[in-house]
1. Rounded to the nearest 0.05, what FRET efficiency do Leu107 and Phe34 give with R0 = 35 Å and r taken as the Cβ-Cβ distance? Could you check?
2. Could you compute the FRET efficiency for Ala75 and Asp122, with r as their C-beta to C-beta distance and R0 at 25 Å, rounded to 0.05?
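Values in this text are rule-based calculations from the coordinates and carry no lab data. Everything numeric in this text was worked out from a predicted model, so none of it was measured. Don't worry about glycine lacking a Cβ; one is built from the backbone with ideal geometry, like all the others, and counts go over all protein chains shown.
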Amino acid sequence: MFAVEPALRRIKGSKVIWWTRGRIAAACAVAAIFTATAALFVYHNNFAEPETYVPATEQPATAPAEIIRVIDFEAAPLTEVVAKIREVYGVEVTGLPADPDQYTLSLHYEGSALDLVETINDILDTDMKVTEQ
């Protein structure tokens, strides 16, 4: 019959087993440290304190026509659309067609006044321009 202990003594396996267990434990510890470091790195980059919100009135000096805003229209006449653009973006819109109330617009838009007026020009085939107030 085969006996385990004499065989281990013959090949001095007990030292080999403890040495191997030590290496496995060290490898597990290193893996745990690397995993924890990676998790902290990902957490810091994805869930760190967000930048503080700066209200629109206190945003850095940017031309009013370039500030990004959200604006909605639902079957609004062009004169109402232009008035809302003036109010929201603080810009002047020129070059309205001769009969602006004949044009209506339904639109949800997020962007700058320049891009919005260009989009409206494309949709309604008008030639309006944005100027600073």
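1. Working: r = 51 Å, r/R0 = 1.45.
Computed FRET efficiency for Leu107 and Phe34 comes out at 0.10.
2. On the way: r = 19 Å, r/R0 = 0.75.
Efficiency at R0 = 25 Å is approximately 0.85.
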